[in-house]
Amino acid sequence: MKTPFRQRILSVAAFTAAALGSFALASPAEAQSSNTSSSNSGWQANDDDFLYLQMQIKNHRLALDVRGYQTDRGVCLDLADVIQTLDLPVRIDKKSRRATGWLFAEDQEITIDREANTVQNMNTGEIPLAKDIYDTPEGWCVDTDALSRWFGVTFKPDLYNAAVRIESNTDLPFMQAIERRKRAERIRPRNVNFDLSQYPSSKMEYRSWRTPSVDVVVDAEARSNSGVGGRVEFLAAGEALGASYTARIGTDRNFNPQTLRLRAYRSNEEGGLLGPLDATDVAVGDVETVPGRLVGQTGVGRGAFITNRPLGQTSRFATTVLRGTLPSGWDAELYRNGQLIAFQQSRPDGRYEFLDVDLFFGRNEFEVVLYGPQGQVRRERSSLPVGMNQIEPGETQYWAGILQENRDLIQLQSNEGQEDQNWRWGAGVERGLSQRTSIGFGVHNLVRNDNRYTYTEAALTHALSFAQVELAAAHEFGGGVVTNLNTLGRIGDVNFGTNARVFFGNFRGEFGENEFKYTGGVNFATALRMGRLSLPIQAAFNRAKRRNGETVDALNLVTSVTAGRLALSAQLFHERDSGRPANDRTDLNLLVNRRWRNLRLRGNANFRLAGEDKGLDTATVRLETDLSDEGTLQGDIEYMANIDEFRLGAGYTHRFKEFSLRGDAFVTSSGAVGVGVQAAFSLGPDPASGGIRVSGAKLARNGQAAVTVFRDDNANNRRDPGEELLKNVMVEAGLRTTDAVTGENGTAIVDELRPFRPVLVGIDESSLEDPFLAPASKGIVITPRPGVVAQIELAISPTGEVEGSLLSPTGVEQSGVRLELIDKRGTVAAETVSEFDGFFLFQRVPYGEYRLRVSEDAANALDIEPQLSLRDGNARFTIGNENDVIRFGTVKLRPRKVNEKNRLQDVEVIASAGPP
């Protein structure tokens, strides 16, 4: 049984005795052997000098305690306990009076020979034992100074805290094992129902002005066929007049301003914008609209948009659109449920755009992976589940928008050769009728073929246990009608979908023209198991029939393999038009992403398998390797069949803390050569100095947090004058560990936080150097905004202990009961389980006010009251400077009264809500 009370009393007594210099004579204890190496010391083991100490190294407390004594020379530790605690392969043979083995490495052999009175190891060579070992009733007790010499580390007794501190300049094997376990805990899958509402939050108010963050990319090049040129791209994000804004400025190859996009907006996942409208997103400037069910495509351009739908939701019934910023020179890969399904290179408009991406019934986890020319990798994740509870019963979601298509807010160059720039507007509303059923209506106004049309549409959606069904219809004012029936479902391991669309009258829309009589199709997706390998297969067949009897058949096959660090995708598309043979086509698209250690391969190839121009159409292969943590070497080869040209390129990127720099060169099969240099960096506000900082991270695209860590001595959870700022503390955000460490000013800046997604920012406890300190809370929840620095303070508190012993209602020692410490907010601050004799102990409990209770499951199983009280009857207690050890003593569990189970539920509700 652990005995912290006895441990503390004995250690303090020993410390006091040493400080006063009073050495009391005690009756000698019988030694294990009359032939001892300490026979000349005059000291013998006795109960008054006995110590029970805990080993500590840096911020780690080792699991096993060590026995020892205070001697005439200082402190000795039981050698067997030290060996067991440090997990050393050393064997003590009491019969031959020898100890042999090795310490922290196989070449650090040690031999202790009591008969020869010598110790030999690589740290000291062979030396006499002198008076280093004492024989005690427990075994061999070795002086800590001798242990320090033999082991090559420093053992420092701290009798007041009942501890032995180990100091080492290198990471010892058991320390490395502890770090590995901690890293494993950080990457272990967490509870998918992680509830951020139980943690304190810090809401960042909008201001009339916040200094923006700016991402800058500067590219200069010289080509033999086009001379010297270059381009610059700026992306700024900040706040002005109480709203967030983003601005993108890009130039052409001659550094002439080409595009200027500006978007002012407010976004809040919880809603509440514009009063009774309860909007989640409001934007003006360069905006994006929502697609209709049967009529309007999603569009981008200058205009205005408002919605109360969840942020990022742009899906139709069975497809979605993924769109975002893609800087010059970047590539984008799209993964659905871990499978590589699409690839896109950078475009002149600075966007990536994946249109009509198929959805599955159930889970749809999307990840867009962006690869930058300097070796950067950015990931943008989204989730679109399909099934029940798409919209809650009684909930109403709406959207409305108007924009001028393909037109920036400020047009810097003429639009010659660009796409049509017509105005369009639309609005939609959807309401949940039940857990399974919803109904929606919409209206759209747009231009097609230089004529303006207005449409209305309606849709009824119902979810079954295995599928979701949608019946929709749209009417063109002054024209025809189209009806559509969609299903999306899953049976066993097979996802399936069907669609049927019928046109009546003269209907003209973006998803279908009046030349068609009907369209329809089926698709399925499953995975073939071949041993440990899973081979996903997706197939779709669609047929459209024109009013003149001609048919258009399309077949699409997709398969992909994700095995370890290999992602391979193959897409085969075939189309046959009975009335227009020139439209017939068969294409094969291959995508690959492979990694071998530090070598990364990405490639794509497009083949035309039919027609006069059959053969390889385009191909790109990129190979990258990390020469160091900062440097990346890249080579690529491209082929374009339309000009029958190969292009071979190579580049080197070096990433500094403040910026990244890339140099590259290329040569083509037509004889063209070129060289280029590119620099990328970000500018943003520095909350520590009040000035501007330069960073290699993308500050404008993501959120930032300035975290100040301080020692909260009075447990009020706020920084008061005189409270110490803590350095070298690591900050973590969400489920990932960052490289943000507090400096001399106690502040660390966490970059690249996903915008508008609440995240818990807390302290990595393993980085605290003092094992008697702990975070006062698990952290603070913030909602990052692009380009803006959220400022929060995290308290580190001294800690105490709570101990006691449990008895059952019949007075028997109660083991195996899970106990919880509840803080003032009503959340569970710590948990423990009573030991075999009923003893329970909470260690490293931050200062504060708590109450102790039995967990709900344990209280129900034992049919006992959950609340426990101190001997004076108080349910709440405070751990602080004046009382850092709370002793419950013996606590007898009480049988639950009648209706106590119902009362327990009420207690839980009150606890989760916190004090009024």
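The values are calculated or read from the model by the stated rules, or taken from the named source; none is laboratory data. Remember, it's a predicted structure, so these values are computed and weren't measured experimentally. Every residue, glycine among them, receives a Cβ derived from its backbone with ideal geometry; neighbour counts consider all protein chains shown. Ligands, DNA and RNA are excluded from the accessible area calculation, which covers all protein heavy atoms including side chains. Shrake-Rupley method; radii C 1.70, N 1.55, O 1.52, S 1.80 Å.
Details
- Take the Cα of W423, step 7 Å toward its Cβ, do the same at N874, and the gap between the two points is 7.1 nm.
- Area of K727 that stays accessible when all protein chains are in place (1.4 Å probe, Å², to 10): 100
- Sequence of L62, L648, L555 when ordered by accessible area, the most exposed leading, probe 1.4 angstrom: L648, L555, L62
- Per residue, the chain exposes 49 Å² of solvent-accessible protein surface, assessed with a 1.4 angstrom probe and all protein chains in place.
- Per-residue HN-Hα couplings for region 716-724 [Karplus 6.51, -1.76, 1.60; θ = phi - 60°; Hz; x = Gly/Pro]: 9, 6, 9, 7, 9, x, x, 6, 6
- With a 1.4 Å probe rolled over the protein heavy atoms of all chains, the accessible area of R757, R381, R818, R97 falls in the order R381, R818, R757, R97, largest first.
- Full extension of the chain segment joining R580 with S208 gains 128.0 nm, where the gain is 0.36 nm per residue of separation less the Cα-Cα distance.
- In this label model, E353 and D87 are separated by 5.6 nm, measuring between points 7 Å along each Cα→Cβ vector.
- Heavy-atom accessible area order for W150, W399, largest first, 1.4 Å probe: W399, W150
- Each part gets one Cα centre, and for region 433-487 versus region 268-292 those centres are 22 Å apart.
- Phi-derived couplings, Karplus 6.51 cos²θ - 1.76 cosθ + 1.60 at θ = phi - 60°, listed residue by residue for region 823-834: 8, 5, 7, x, 9, 6, 8, 7, 9, 7, 10, 5 Hz, with x used for Gly and Pro.
- Computed Kirkwood radius, in angstrom, where 1/r is averaged over Cα pairs of region 126-173: 12.2
- Measuring only protein heavy atoms, the 1.4 Å probe finds Y69 accessible over about 10 Å².
- Backbone geometry of region 104-120 corresponds, through the Karplus equation with coefficients 6.51, -1.76 and 1.60 at θ = phi - 60°, to 3J(HN,Hα) couplings of 9, 7, 5, 8, 9, 6, 9, 9, 10, 10, 5, 5, 7, 6, 9, 9, 9 Hz, x marking Gly and Pro.
- Computed helical MRE - 222 nm, the chain, DSSP H runs ≥ 4 contributing -39500 (n - 2.57), nearest 500: -2500 deg cm²/dmol
- Over region 40-143, the alpha carbon radius of gyration divided by the compact-protein estimate 2.2 N^0.38 Å works out to 1.09.
- Sites L566 and N883, calculated FRET efficiency, Cβ-Cβ separation with R0 60 Å, nearest 0.05: 0.50
- V788 - accessible surface, heavy atoms, 1.4 Å probe, Å² rounded to 10: 0
- Calculated FRET value between R223 and Q345, using beta carbons and R₀ = 25 Å, to 0.05: 0.85
- In plain terms, the chain from S534 to R452 could stretch by 24.6 nm, reckoned as 0.36 nm per residue minus the Cα-Cα distance.
- Gain in span if fully extended, R594 to I637, counting 0.36 nm per residue against the direct Cα distance: 13.9 nm
- Note: relative contact order over the chain, using C-alpha pairs below 8 Å and six or more positions apart, is 7 percent.
- Approximate spin-label separation R61-R363, in nm, with each point projected 7 Å along Cα-to-Cβ: 3.8
- Long-range amide H partners of S201 with built H, under 5 Å: V781
- Nearest-0.05 FRET efficiency for A240 and L661, computed from C-beta distance (R0 45 Å): 0.90
- When only the Cβ of Lys, Arg, Asp and Glu is charged (+1, +1, -1, -1), the dipole of the chain relative to its Cα centre reaches about 2180 debye.
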